[in-house]
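As structure tokens, the structure follows; a few thoughts come after it.
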Amino acid sequence: MDAYTKHLTNIRDTNTVVATADICNAQGQLLVPTGAKIDEAATNRIVKFKLLKPIEECVAIEKDLDAKRLKIKIMEYVFADPFLAEINMLNDVSSLLQRCCEAYERYPLLRQKMTVMSIELNRTFQNALFSSWFSVLISSQYWPDERYAHCAFIAALTHDIGLMHIAPDIMLKEKDLTTNEIKQIHAHPIIGYRILSGIGSLPVTIAAGV
């Protein structure tokens, strides 16, 4: 089973996941119809087969990480650290951060994957929160064209998105990684690049940045 499929089906107990298109196996046999919730029974059918289309193209998460929720999480992260909170107070980037979050929100696949990351790989997600906030600070100082800020923000936020496609048992290991496992982890920027390059309306500079 694909690592991301496992992550996505794992969150069904806390977030409702709904099929937005028919989920079929590689032979075209229907596993889950459009509109059905991905419950335990649906999960058990999905994990047995190679799918005709990647699961992320066939589902949506209710109450996903939209612009409002993302900004709240970034601010919670910043204000939990007195040093970062002081920097934030000295650099008023709240309005720019809001617009960057709104730029991110336009991409459903990014909202889906960042929602899954926030639950399944929370340490990685916390790093993404810091990176995206810091990118806004830099952008406000150096790039008068706000489009660059939006691209930098999304690239910083998603720079580890490829880690969700690495087997969870490898991600949970803190030592004694094999050479092959190390190679898989090192490949995550390439995986991220391919994911982001596949989102046609996403500026190409974002995938390149990742």
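The values are calculated or read from the model by the stated rules, or taken from the named source; none is laboratory data. Keep in mind the model is a prediction, meaning the values are calculated, not measured. For neighbour counting, all protein chains shown are included, and Cβ atoms are generated from backbone atoms with ideal geometry for every residue, glycine included. For accessibility, only protein heavy atoms count, side chains too; no ligands or nucleic acids. Shrake-Rupley method; radii C 1.70, N 1.55, O 1.52, S 1.80 Å.
Taken over segment 31-88, the criterion of being more than 19 Å from THR16 (Cβ to Cβ) and of a type outside the set (A, V, I, L, M, F, W, C) is satisfied by LYS48, LYS50, LYS53, PRO54, LYS71, LYS73, GLU76, TYR77, ASP81, PRO82, GLU86, ASN88. Residues in segment 87-108 that are open to solvent by 50 Å² or more (accessible area, probe 1.4 Å) and within 14 Å of the chain's Cα centre (by Cα): GLU105, ARG106, PRO108. Within segment 196-209, the set of residues being open to solvent by 30 Å² or more (accessible area, probe 1.4 Å) and aliphatic (A, V, I, L, M) comprises VAL204, ALA208. Applying the criterion of being without any contact (Cβ under 8 Å) to a residue 40 or more places away in the chain and among the hydroxyl-bearing types (Ser, Thr, Tyr) to the residues of segment 30-88, the residue that is nearest to ASN15 (Cα to Cα) is THR43.
When restricted to residues that are closer than 17 Å to LEU110 by Cβ and of a type outside the set (S, T, N, Q), segment 148-178 contains 16. Is there a residue being in contact with a strand residue (DSSP E or B) (Cβ under 7 Å, 6 or more places away or on another chain) and either open to solvent by less than 80 Å² (accessible area, probe 1.4 Å) or among the charged types (D, E, K, R) (or both) anywhere in segment 110-132? Yes: segment 110-132 contains one or more residues that are in contact with a strand residue (DSSP E or B) (Cβ under 7 Å, 6 or more places away or on another chain) and either open to solvent by less than 80 Å² (accessible area, probe 1.4 Å) or among the charged types (D, E, K, R) (or both).
Which members of segment 73-83 meet the condition of being surrounded by 12 or more Cβ atoms within 10 Å (Cβ to Cβ) and either within 15 Å of ALA128 (Cβ to Cβ) or small (Gly, Ala, Ser) (or both)? If the condition is that a residue be surrounded by 12 or more Cβ atoms within 10 Å (Cβ to Cβ) and either within 15 Å of ALA128 (Cβ to Cβ) or small (Gly, Ala, Ser) (or both), then LYS73, ILE74, MET75, TYR77, VAL78 are the ones that fit.
As an exercise: evaluate ASP92 against (1) part of a loop (DSSP other than H, G, I, E, B); (2) touching a helix residue (DSSP H, G or I) at 6+ places or on another chain (Cβ under 7 Å) and give the number of the one condition it does not meet. So ASP92 meets the others, but not (2).
Are there any pairs, at least 6 apart or on different chains, whose C-beta atoms fall under 9 Å, with the first in segment 136-155 and assigned to a loop (DSSP other than H, G, I, E, B) and the second among the aliphatic types (A, V, I, L, M), and if so, which? From segment 136-155, the pairs are TRP143/ALA149; TRP143/ALA152. When segment 156-188 is filtered for residues that are surrounded by 13 or more Cβ atoms within 10 Å (Cβ to Cβ), free of Cβ contacts under 8 Å to residues at least 12 places away in the same chain and assigned to a helix (DSSP H, G or I), only GLU181 remains. Going residue by residue through segment 10-28, is there one that turns out to be of a type in the set (Lys, Arg), assigned to a helix (DSSP H, G or I) and surrounded by fewer than 19 Cβ atoms within 10 Å (Cβ to Cβ)? Within segment 10-28, one or more residues are of a type in the set (Lys, Arg), assigned to a helix (DSSP H, G or I) and surrounded by fewer than 19 Cβ atoms within 10 Å (Cβ to Cβ). Of the set (1) assigned to a loop (DSSP other than H, G, I, E, B); (2) open to solvent by 50 Å² or more (accessible area, probe 1.4 Å); (3) of a type outside the set (Asp, Glu), all apply to LEU65 but (2).
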